[in-house]
1. Show the residues, 5+ positions off or on another chain, whose built amide H is closer than 5 Å to the amide H of LYS183.
2. How much of the DSSP beta bridge set in the chain is antiparallel, as a percent to the nearest 5?
3. Could you pull out the GluC sites (Glu not before Pro) across segment 151-255 that fall in loop regions by DSSP (anything but H, G, I, E, B) with no more than 12 other Cβ atoms inside 10 Å?
4. Once Rh for the chain is found with the Kirkwood sum over Cα pairs, what is the Stokes-Einstein diffusion coefficient at 10 °C and 1.306 mPa s, in µm²/s?
5. Ignoring everything except DSSP H segments at least 4 long, calculate the 222 nm mean residue ellipticity for the chain; use -39,500 (n - 2.57) per segment, divide by total residues, nearest 500.
6. Show me the GluC sites (Glu not before Pro) within segment 286-330 that DSSP assigns to loop and that have at most 16 other Cβ atoms within 10 Å of their Cβ.
7. Which of the aspartates and glutamates could a cross-linker bridge to LYS379, judged by Cα under 20 Å and excluding same-chain residues fewer than eight apart?
8. Under Stokes-Einstein, with the Kirkwood radius over Cα pairs standing in for Rh, what whole-number D in µm²/s applies to segment 1-136 at 10 °C and 1.306 mPa s?
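The values are calculated or read from the model by the stated rules, or taken from the named source; none is laboratory data. The model shown is predicted, which means the values in this text are computed figures rather than measured ones. Here Cβ is always computed from backbone atoms with ideal geometry, including for glycine, and neighbour counts include all displayed protein chains. Note: areas computed on protein heavy atoms with side chains; ligands, DNA, RNA excluded. Shrake-Rupley method; radii C 1.70, N 1.55, O 1.52, S 1.80 Å.
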Amino acid sequence: MSVSSEKTGTNEYTLSLSISAEDFEKAVQKAYLQEKNKITVHGFRKGKAPRAMIEKMYGANVFYDTALDIAFPDAYEKAIEEEKLDVVSQPFDFDVKTIGKDGVELTCKVTVKPVIELDGYKGIAAPKASAEVTDDEVDAELNKKLEENAREITVEGRAAQNGDIAVIDFEGFVDGVAFDGGKGEDHDLELGSGSFIPGFEDQIIGHNVGDSFDVNVTFPEKYAEDLAGKEAVFKVTLKGLKAKELPALDDEFAKDVSEFDTLDEYKADLKKNLSESKETKAKKDFENEVFKKLAGLVSAEIPECMIDRTCDNMLSEFKYNVESQGIPFDMYLQYLGMTPDSLKASYRERAEEEVRIELALEKIVELENLEVSDEETEKEFADMAERYKIEVDAVKKAVAADTLVRELKMRKASALVTDNAVAEASEEKTEEKPKKKAPAKKAAKKKTEEETPVEDAPSAE
(Lines give C-alpha, C1' and ligand atoms only; values in the text may rest on other atoms or scores of the structure.)
Protein backbone atom coordinates (compact mmCIF):
# COMPACT_ATOMS: atom_id res chain seq x y z
CA MET A 1 0.00 0.00 0.00
CA SER A 2 1.22 3.49 -0.84
CA VAL A 3 -0.09 6.66 0.79
CA SER A 4 0.46 10.41 0.73
CA SER A 5 -1.32 13.40 2.21
CA GLU A 6 -1.61 17.07 1.35
CA LYS A 7 -2.94 19.97 3.41
CA THR A 8 -5.83 21.36 1.40
CA GLY A 9 -7.60 23.62 3.91
CA THR A 10 -7.74 24.80 7.48
CA ASN A 11 -7.60 21.61 9.55
CA GLU A 12 -8.17 19.61 6.34
CA TYR A 13 -5.99 17.10 4.50
CA THR A 14 -6.53 15.18 1.27
CA LEU A 15 -5.38 11.60 1.67
CA SER A 16 -4.26 9.61 -1.39
CA LEU A 17 -3.96 5.87 -0.86
CA SER A 18 -3.80 2.68 -2.83
CA ILE A 19 -4.96 -0.84 -2.06
CA SER A 20 -2.75 -3.50 -3.64
CA ALA A 21 -4.06 -6.02 -6.16
CA GLU A 22 -3.44 -8.83 -3.65
CA ASP A 23 -5.33 -7.11 -0.81
CA PHE A 24 -8.21 -6.10 -3.05
CA GLU A 25 -8.51 -9.66 -4.42
CA LYS A 26 -8.87 -10.93 -0.85
CA ALA A 27 -11.58 -8.34 -0.26
CA VAL A 28 -13.42 -9.34 -3.45
CA GLN A 29 -13.39 -12.98 -2.34
CA LYS A 30 -14.83 -11.97 1.05
CA ALA A 31 -17.47 -9.92 -0.75
CA TYR A 32 -18.39 -12.94 -2.88
CA LEU A 33 -18.82 -15.12 0.22
CA GLN A 34 -21.01 -12.44 1.83
CA GLU A 35 -23.17 -11.75 -1.21
CA LYS A 36 -23.51 -15.07 -3.02
CA ASN A 37 -26.62 -16.13 -1.08
CA LYS A 38 -28.42 -13.05 -2.42
CA ILE A 39 -27.67 -13.72 -6.08
CA THR A 40 -29.71 -15.94 -8.38
CA VAL A 41 -27.94 -17.74 -11.26
CA HIS A 42 -29.93 -20.01 -13.55
CA GLY A 43 -28.96 -23.65 -13.07
CA PHE A 44 -27.57 -23.18 -9.55
CA ARG A 45 -29.21 -23.25 -6.16
CA LYS A 46 -29.03 -19.93 -4.34
CA GLY A 47 -25.62 -19.50 -2.77
CA LYS A 48 -24.01 -22.30 -4.82
CA ALA A 49 -23.05 -20.41 -7.97
CA PRO A 50 -19.27 -20.11 -8.44
CA ARG A 51 -17.79 -16.63 -8.26
CA ALA A 52 -16.56 -16.82 -11.87
CA MET A 53 -20.08 -17.65 -13.09
CA ILE A 54 -21.59 -14.72 -11.18
CA GLU A 55 -18.91 -12.32 -12.48
CA LYS A 56 -19.47 -13.58 -16.04
CA MET A 57 -23.20 -13.05 -15.74
CA TYR A 58 -23.27 -9.73 -13.84
CA GLY A 59 -19.91 -8.26 -14.74
CA ALA A 60 -16.41 -8.40 -13.23
CA ASN A 61 -17.18 -5.45 -10.99
CA VAL A 62 -20.24 -7.02 -9.34
CA PHE A 63 -18.47 -7.34 -5.98
CA TYR A 64 -16.28 -4.21 -6.16
CA ASP A 65 -18.44 -1.90 -4.01
CA THR A 66 -18.73 -4.42 -1.19
CA ALA A 67 -15.05 -5.32 -1.54
CA LEU A 68 -14.08 -1.66 -1.22
CA ASP A 69 -16.17 -1.38 1.95
CA ILE A 70 -14.27 -4.37 3.29
CA ALA A 71 -10.77 -3.27 2.29
CA PHE A 72 -10.95 0.46 2.96
CA PRO A 73 -11.15 0.64 6.80
CA ASP A 74 -7.90 -1.24 7.36
CA ALA A 75 -6.11 0.66 4.57
CA TYR A 76 -7.43 3.96 5.93
CA GLU A 77 -6.27 3.27 9.50
CA LYS A 78 -2.79 2.34 8.27
CA ALA A 79 -2.70 5.46 6.08
CA ILE A 80 -3.52 7.99 8.81
CA GLU A 81 -1.08 6.23 11.15
CA GLU A 82 1.69 6.38 8.55
CA GLU A 83 0.97 10.05 7.81
CA LYS A 84 0.68 10.83 11.54
CA LEU A 85 -2.63 12.63 11.11
CA ASP A 86 -4.72 13.32 14.24
CA VAL A 87 -8.09 12.85 12.52
CA VAL A 88 -11.28 14.07 14.21
CA SER A 89 -13.83 13.32 11.47
CA GLN A 90 -14.99 10.50 9.29
CA PRO A 91 -13.39 10.56 5.82
CA PHE A 92 -15.44 12.43 3.20
CA ASP A 93 -15.38 13.56 -0.46
CA PHE A 94 -14.26 10.16 -1.78
CA ASP A 95 -12.90 9.97 -5.31
CA VAL A 96 -12.13 6.46 -6.56
CA LYS A 97 -9.59 6.96 -9.35
CA THR A 98 -9.23 3.32 -10.39
CA ILE A 99 -10.66 0.04 -9.13
CA GLY A 100 -10.18 -3.45 -10.55
CA LYS A 101 -7.93 -6.46 -10.63
CA ASP A 102 -4.87 -4.22 -10.31
CA GLY A 103 -6.13 -2.80 -7.00
CA VAL A 104 -7.61 0.54 -5.98
CA GLU A 105 -6.43 4.13 -6.16
CA LEU A 106 -8.54 6.70 -4.32
CA THR A 107 -8.50 10.00 -2.48
CA CYS A 108 -10.58 11.27 0.41
CA LYS A 109 -10.56 14.23 2.72
CA VAL A 110 -10.25 14.24 6.50
CA THR A 111 -10.52 16.88 9.20
CA VAL A 112 -7.66 16.95 11.69
CA LYS A 113 -7.33 18.35 15.18
CA PRO A 114 -6.10 21.96 15.02
CA VAL A 115 -2.52 22.70 15.98
CA ILE A 116 -2.59 25.41 18.62
CA GLU A 117 -0.16 27.74 20.31
CA LEU A 118 -0.77 28.37 24.00
CA ASP A 119 0.71 30.96 26.31
CA GLY A 120 -0.39 32.55 29.56
CA TYR A 121 -1.97 29.45 31.08
CA LYS A 122 -0.04 30.00 34.30
CA GLY A 123 -1.24 32.86 36.47
CA ILE A 124 -4.76 33.20 35.04
CA ALA A 125 -6.63 35.69 37.22
CA ALA A 126 -10.32 35.24 38.04
CA PRO A 127 -12.72 36.49 40.72
CA LYS A 128 -13.33 34.33 43.78
CA ALA A 129 -16.14 35.01 46.22
CA SER A 130 -15.52 35.23 49.94
CA ALA A 131 -16.54 32.29 52.13
CA GLU A 132 -17.19 34.59 55.09
CA VAL A 133 -20.58 33.97 56.71
CA THR A 134 -22.56 36.88 58.15
CA ASP A 135 -24.88 36.81 61.15
CA ASP A 136 -27.77 37.53 58.78
CA GLU A 137 -26.99 34.37 56.81
CA VAL A 138 -26.94 32.31 60.01
CA ASP A 139 -30.27 33.88 61.04
CA ALA A 140 -31.73 33.07 57.62
CA GLU A 141 -30.66 29.44 58.02
CA LEU A 142 -32.19 29.34 61.50
CA ASN A 143 -35.44 30.77 60.13
CA LYS A 144 -35.45 28.08 57.47
CA LYS A 145 -35.09 25.43 60.18
CA LEU A 146 -37.90 27.04 62.15
CA GLU A 147 -40.13 26.96 59.04
CA GLU A 148 -39.29 23.31 58.48
CA ASN A 149 -40.34 22.48 62.05
CA ALA A 150 -43.40 24.71 62.14
CA ARG A 151 -46.80 23.22 62.81
CA GLU A 152 -50.01 24.26 61.11
CA ILE A 153 -52.86 25.52 63.22
CA THR A 154 -56.46 26.21 62.19
CA VAL A 155 -57.33 29.88 61.96
CA GLU A 156 -60.74 30.89 63.29
CA GLY A 157 -62.56 34.16 63.85
CA ARG A 158 -60.75 36.34 61.33
CA ALA A 159 -60.35 36.97 57.62
CA ALA A 160 -57.54 35.62 55.45
CA GLN A 161 -54.32 37.58 55.58
CA ASN A 162 -50.92 37.49 53.94
CA GLY A 163 -48.92 34.45 55.03
CA ASP A 164 -51.95 32.28 55.74
CA ILE A 165 -52.47 28.95 54.02
CA ALA A 166 -55.84 29.12 52.30
CA VAL A 167 -57.68 25.88 51.54
CA ILE A 168 -59.64 26.58 48.36
CA ASP A 169 -61.78 25.08 45.64
CA PHE A 170 -61.47 26.93 42.35
CA GLU A 171 -62.48 26.74 38.70
CA GLY A 172 -61.36 29.08 35.93
CA PHE A 173 -63.38 30.44 33.01
CA VAL A 174 -62.42 32.40 29.89
CA ASP A 175 -65.35 34.08 28.11
CA GLY A 176 -67.67 32.05 30.34
CA VAL A 177 -66.18 28.69 29.30
CA ALA A 178 -64.22 26.50 31.71
CA PHE A 179 -60.74 25.62 30.45
CA ASP A 180 -58.70 22.45 30.91
CA GLY A 181 -56.49 22.36 33.99
CA GLY A 182 -58.23 25.33 35.60
CA LYS A 183 -59.98 23.41 38.35
CA GLY A 184 -58.81 22.35 41.79
CA GLU A 185 -60.30 21.12 45.06
CA ASP A 186 -58.99 21.37 48.63
CA HIS A 187 -55.89 23.09 47.33
CA ASP A 188 -53.48 24.55 49.90
CA LEU A 189 -52.27 27.97 48.74
CA GLU A 190 -49.86 30.05 50.82
CA LEU A 191 -50.96 33.65 50.38
CA GLY A 192 -48.10 35.89 49.35
CA SER A 193 -45.99 33.04 47.99
CA GLY A 194 -46.44 34.16 44.37
CA SER A 195 -47.33 30.60 43.39
CA PHE A 196 -50.36 31.54 41.30
CA ILE A 197 -50.58 34.13 38.54
CA PRO A 198 -50.35 37.81 39.59
CA GLY A 199 -53.39 39.13 41.43
CA PHE A 200 -54.91 35.76 42.33
CA GLU A 201 -53.66 35.48 45.92
CA ASP A 202 -54.26 39.17 46.72
CA GLN A 203 -57.98 38.77 46.02
CA ILE A 204 -58.33 36.00 48.62
CA ILE A 205 -56.99 38.21 51.40
CA GLY A 206 -59.84 39.71 53.43
CA HIS A 207 -62.30 36.89 52.81
CA ASN A 208 -63.64 34.61 55.53
CA VAL A 209 -63.96 30.84 55.62
CA GLY A 210 -67.14 29.83 53.79
CA ASP A 211 -67.06 32.76 51.36
CA SER A 212 -67.53 32.09 47.64
CA PHE A 213 -66.29 34.83 45.33
CA ASP A 214 -64.83 35.67 41.94
CA VAL A 215 -61.13 36.27 41.34
CA ASN A 216 -60.49 38.29 38.18
CA VAL A 217 -57.04 37.95 36.59
CA THR A 218 -55.25 38.36 33.28
CA PHE A 219 -52.93 35.59 32.17
CA PRO A 220 -49.35 36.73 31.43
CA GLU A 221 -48.33 37.15 27.79
CA LYS A 222 -45.79 34.36 28.27
CA TYR A 223 -48.12 31.55 29.21
CA ALA A 224 -49.72 28.52 27.63
CA GLU A 225 -50.57 29.56 24.06
CA ASP A 226 -54.33 29.11 24.41
CA LEU A 227 -54.49 31.33 27.54
CA ALA A 228 -51.68 33.87 27.08
CA GLY A 229 -52.84 37.45 27.66
CA LYS A 230 -56.49 36.48 28.18
CA GLU A 231 -58.76 37.70 30.96
CA ALA A 232 -60.16 34.98 33.21
CA VAL A 233 -62.57 34.62 36.11
CA PHE A 234 -61.98 32.04 38.81
CA LYS A 235 -64.91 30.91 40.94
CA VAL A 236 -63.32 30.42 44.36
CA THR A 237 -64.61 29.01 47.66
CA LEU A 238 -62.51 29.56 50.78
CA LYS A 239 -62.97 26.31 52.71
CA GLY A 240 -60.43 26.80 55.46
CA LEU A 241 -57.52 28.85 56.81
CA LYS A 242 -54.34 27.63 58.40
CA ALA A 243 -51.32 29.44 59.80
CA LYS A 244 -47.82 28.32 60.64
CA GLU A 245 -46.81 28.32 64.29
CA LEU A 246 -43.05 28.45 64.68
CA PRO A 247 -41.29 26.77 67.61
CA ALA A 248 -39.45 28.90 70.14
CA LEU A 249 -35.82 29.56 69.16
CA ASP A 250 -34.05 28.30 72.26
CA ASP A 251 -31.87 25.51 73.63
CA GLU A 252 -34.75 23.05 73.49
CA PHE A 253 -35.17 23.71 69.78
CA ALA A 254 -31.43 23.11 69.24
CA LYS A 255 -31.71 19.78 71.07
CA ASP A 256 -34.70 18.76 68.96
CA VAL A 257 -33.11 19.44 65.57
CA SER A 258 -29.42 18.70 66.20
CA GLU A 259 -26.92 16.85 68.37
CA PHE A 260 -26.12 20.02 70.31
CA ASP A 261 -27.35 20.97 73.76
CA THR A 262 -27.40 24.73 73.33
CA LEU A 263 -28.56 27.19 70.72
CA ASP A 264 -25.14 28.84 70.64
CA GLU A 265 -23.44 25.54 69.79
CA TYR A 266 -26.01 24.86 67.10
CA LYS A 267 -25.53 28.34 65.60
CA ALA A 268 -21.76 27.88 65.59
CA ASP A 269 -22.15 24.58 63.72
CA LEU A 270 -24.54 26.17 61.22
CA LYS A 271 -22.00 28.92 60.60
CA LYS A 272 -19.21 26.38 60.05
CA ASN A 273 -21.30 24.36 57.61
CA LEU A 274 -22.38 27.48 55.74
CA SER A 275 -18.75 28.58 55.46
CA GLU A 276 -17.69 25.19 54.09
CA SER A 277 -20.55 25.24 51.59
CA LYS A 278 -19.71 28.77 50.45
CA GLU A 279 -16.03 27.87 50.13
CA THR A 280 -16.89 24.83 47.99
CA LYS A 281 -19.13 26.92 45.74
CA ALA A 282 -16.61 29.75 45.56
CA LYS A 283 -13.85 27.30 44.59
CA LYS A 284 -16.01 25.70 41.89
CA ASP A 285 -17.11 29.06 40.48
CA PHE A 286 -13.51 30.31 40.54
CA GLU A 287 -12.26 27.27 38.65
CA ASN A 288 -15.07 27.60 36.10
CA GLU A 289 -14.00 31.20 35.44
CA VAL A 290 -10.35 30.14 35.17
CA PHE A 291 -11.17 27.50 32.56
CA LYS A 292 -13.35 29.95 30.62
CA LYS A 293 -10.33 32.20 30.37
CA LEU A 294 -8.15 29.22 29.44
CA ALA A 295 -10.55 28.49 26.56
CA GLY A 296 -10.12 32.09 25.45
CA LEU A 297 -6.36 31.58 25.09
CA VAL A 298 -7.01 29.10 22.26
CA SER A 299 -7.28 31.20 19.13
CA ALA A 300 -7.34 28.39 16.56
CA GLU A 301 -10.29 27.74 14.25
CA ILE A 302 -12.15 24.80 15.76
CA PRO A 303 -13.44 22.13 13.35
CA GLU A 304 -17.23 22.09 13.34
CA CYS A 305 -17.27 18.30 13.63
CA MET A 306 -15.58 18.51 17.06
CA ILE A 307 -18.18 20.96 18.32
CA ASP A 308 -21.01 18.94 16.81
CA ARG A 309 -19.81 15.73 18.46
CA THR A 310 -19.61 17.47 21.85
CA CYS A 311 -23.16 18.82 21.36
CA ASP A 312 -24.32 15.27 20.61
CA ASN A 313 -22.72 14.04 23.83
CA MET A 314 -24.40 16.80 25.82
CA LEU A 315 -27.76 15.99 24.26
CA SER A 316 -27.35 12.28 25.02
CA GLU A 317 -26.42 13.03 28.63
CA PHE A 318 -29.40 15.36 29.02
CA LYS A 319 -31.74 12.74 27.53
CA TYR A 320 -30.36 10.09 29.89
CA ASN A 321 -30.83 12.36 32.93
CA VAL A 322 -34.43 13.11 31.98
CA GLU A 323 -35.40 9.51 31.24
CA SER A 324 -33.63 8.18 34.34
CA GLN A 325 -36.24 10.11 36.35
CA GLY A 326 -39.07 8.38 34.52
CA ILE A 327 -39.91 11.32 32.28
CA PRO A 328 -40.43 10.62 28.55
CA PHE A 329 -37.88 12.74 26.68
CA ASP A 330 -40.33 13.86 23.96
CA MET A 331 -42.80 15.00 26.61
CA TYR A 332 -40.11 16.99 28.43
CA LEU A 333 -39.07 18.68 25.21
CA GLN A 334 -42.69 19.69 24.63
CA TYR A 335 -42.75 21.21 28.10
CA LEU A 336 -39.63 23.21 27.25
CA GLY A 337 -41.10 24.18 23.89
CA MET A 338 -38.05 22.75 22.11
CA THR A 339 -37.05 20.08 19.60
CA PRO A 340 -33.94 17.87 19.79
CA ASP A 341 -32.30 20.09 17.17
CA SER A 342 -33.08 23.36 18.96
CA LEU A 343 -31.92 21.90 22.27
CA LYS A 344 -28.71 20.72 20.65
CA ALA A 345 -28.19 24.15 19.10
CA SER A 346 -28.52 25.73 22.54
CA TYR A 347 -25.45 23.76 23.64
CA ARG A 348 -23.21 25.03 20.86
CA GLU A 349 -21.46 27.87 22.69
CA ARG A 350 -20.74 25.72 25.74
CA ALA A 351 -19.64 22.82 23.53
CA GLU A 352 -17.10 24.99 21.69
CA GLU A 353 -15.76 26.20 25.03
CA GLU A 354 -15.33 22.60 26.20
CA VAL A 355 -13.48 21.69 23.01
CA ARG A 356 -11.14 24.66 23.45
CA ILE A 357 -10.46 23.69 27.07
CA GLU A 358 -9.66 20.12 26.03
CA LEU A 359 -7.28 21.32 23.32
CA ALA A 360 -5.60 23.65 25.80
CA LEU A 361 -5.13 20.89 28.38
CA GLU A 362 -3.68 18.56 25.74
CA LYS A 363 -1.22 21.29 24.79
CA ILE A 364 -0.25 21.80 28.43
CA VAL A 365 0.42 18.06 28.78
CA GLU A 366 2.78 18.39 25.82
CA LEU A 367 4.46 21.64 26.92
CA GLU A 368 4.96 20.51 30.52
CA ASN A 369 5.95 16.94 29.58
CA LEU A 370 3.39 15.60 32.04
CA GLU A 371 3.69 11.87 32.63
CA VAL A 372 1.77 9.24 34.56
CA SER A 373 3.58 6.41 36.32
CA ASP A 374 2.50 2.78 36.34
CA GLU A 375 1.87 3.15 40.08
CA GLU A 376 -0.50 6.07 39.50
CA THR A 377 -2.36 4.11 36.84
CA GLU A 378 -2.73 1.04 39.05
CA LYS A 379 -3.91 3.20 41.95
CA GLU A 380 -6.58 4.78 39.77
CA PHE A 381 -7.75 1.33 38.63
CA ALA A 382 -7.97 0.27 42.29
CA ASP A 383 -9.83 3.44 43.26
CA MET A 384 -12.34 2.91 40.45
CA ALA A 385 -12.86 -0.69 41.55
CA GLU A 386 -13.54 0.49 45.10
CA ARG A 387 -15.84 3.27 43.90
CA TYR A 388 -17.98 0.96 41.77
CA LYS A 389 -17.65 -2.07 44.08
CA ILE A 390 -16.28 -4.37 41.38
CA GLU A 391 -13.04 -6.29 40.82
CA VAL A 392 -9.99 -4.47 39.46
CA ASP A 393 -9.79 -6.89 36.52
CA ALA A 394 -13.35 -5.97 35.55
CA VAL A 395 -12.37 -2.29 35.55
CA LYS A 396 -9.35 -3.00 33.36
CA LYS A 397 -11.54 -4.82 30.87
CA ALA A 398 -13.95 -1.90 30.74
CA VAL A 399 -11.39 0.93 30.64
CA ALA A 400 -8.38 0.80 28.31
CA ALA A 401 -5.10 1.64 30.03
CA ASP A 402 -4.12 4.26 27.43
CA THR A 403 -7.51 5.97 27.88
CA LEU A 404 -6.99 6.12 31.63
CA VAL A 405 -3.43 7.42 31.25
CA ARG A 406 -4.68 10.22 28.99
CA GLU A 407 -7.37 11.12 31.53
CA LEU A 408 -4.81 11.25 34.36
CA LYS A 409 -2.53 13.48 32.30
CA MET A 410 -5.44 15.83 31.60
CA ARG A 411 -6.20 15.95 35.33
CA LYS A 412 -2.60 16.94 36.02
CA ALA A 413 -2.85 19.67 33.42
CA SER A 414 -6.09 20.93 35.01
CA ALA A 415 -4.50 20.98 38.43
CA LEU A 416 -1.49 22.87 37.08
CA VAL A 417 -3.78 25.56 35.69
CA THR A 418 -5.88 25.97 38.85
CA ASP A 419 -2.91 25.73 41.23
CA ASN A 420 -1.23 28.59 39.40
CA ALA A 421 -4.37 30.70 38.99
CA VAL A 422 -4.72 33.98 40.86
CA ALA A 423 -7.86 34.62 42.90
CA GLU A 424 -9.20 38.14 42.89
CA ALA A 425 -11.82 39.54 45.24
CA SER A 426 -15.26 39.50 43.66
CA GLU A 427 -18.16 41.86 44.19
CA GLU A 428 -20.74 40.24 46.41
CA LYS A 429 -24.20 39.89 44.87
CA THR A 430 -27.39 39.78 46.85
CA GLU A 431 -29.25 36.63 45.94
CA GLU A 432 -33.03 36.81 45.74
CA LYS A 433 -34.85 34.06 47.53
CA PRO A 434 -36.73 31.86 45.05
CA LYS A 435 -40.46 32.05 45.20
CA LYS A 436 -42.27 28.99 46.43
CA LYS A 437 -44.00 27.06 43.70
CA ALA A 438 -47.47 25.62 43.67
CA PRO A 439 -48.02 21.95 42.86
CA ALA A 440 -47.80 21.09 39.18
CA LYS A 441 -50.70 20.87 36.75
CA LYS A 442 -52.64 23.86 38.07
CA ALA A 443 -53.75 26.31 35.44
CA ALA A 444 -53.50 29.20 37.88
CA LYS A 445 -49.82 28.53 38.45
CA LYS A 446 -47.47 30.86 36.62
CA LYS A 447 -45.94 29.05 33.65
CA THR A 448 -43.78 31.05 31.28
CA GLU A 449 -40.97 30.34 28.88
CA GLU A 450 -38.64 32.23 31.19
CA GLU A 451 -39.49 29.84 34.02
CA THR A 452 -38.48 26.74 32.08
CA PRO A 453 -34.88 27.30 30.89
CA VAL A 454 -32.79 24.39 29.61
CA GLU A 455 -30.52 24.71 32.64
CA ASP A 456 -33.43 23.70 34.89
CA ALA A 457 -33.51 20.24 33.37
CA PRO A 458 -33.08 17.18 35.60
CA SER A 459 -29.50 16.37 36.53
CA ALA A 460 -27.89 13.05 37.35
CA GLU A 461 -26.77 14.29 40.72
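1. GLY172, ALA443
2. Working: 50 of 54 bridges.
DSSP beta bridges in the chain are roughly 95 percent antiparallel.
3. On the way: sites: GLU152, GLU156, GLU171, GLU185, GLU190, GLU201, GLU221, GLU225, GLU231, GLU245, GLU252; in loops: GLU156, GLU221, GLU225.
Filter output for segment 151-255: GLU156, GLU221, GLU225.
4. Working: Rh = 29.7 Å.
Estimated diffusion coefficient is 53 µm²/s.
5. Working: 13 runs with 193 residues, N = 461.
It comes out at -13500 deg cm²/dmol, rounded to the nearest 500.
6. Working: sites: GLU287, GLU289, GLU301, GLU304, GLU317, GLU323; in loops: GLU301.
Passing sites in segment 286-330 are GLU301.
7. Reachable aspartates and glutamates: GLU371, GLU391, ASP393, ASP402, GLU407.
8. Numbers: Rh = 18.7 Å.
Stokes-Einstein gives a translational diffusion coefficient of 85 µm²/s.
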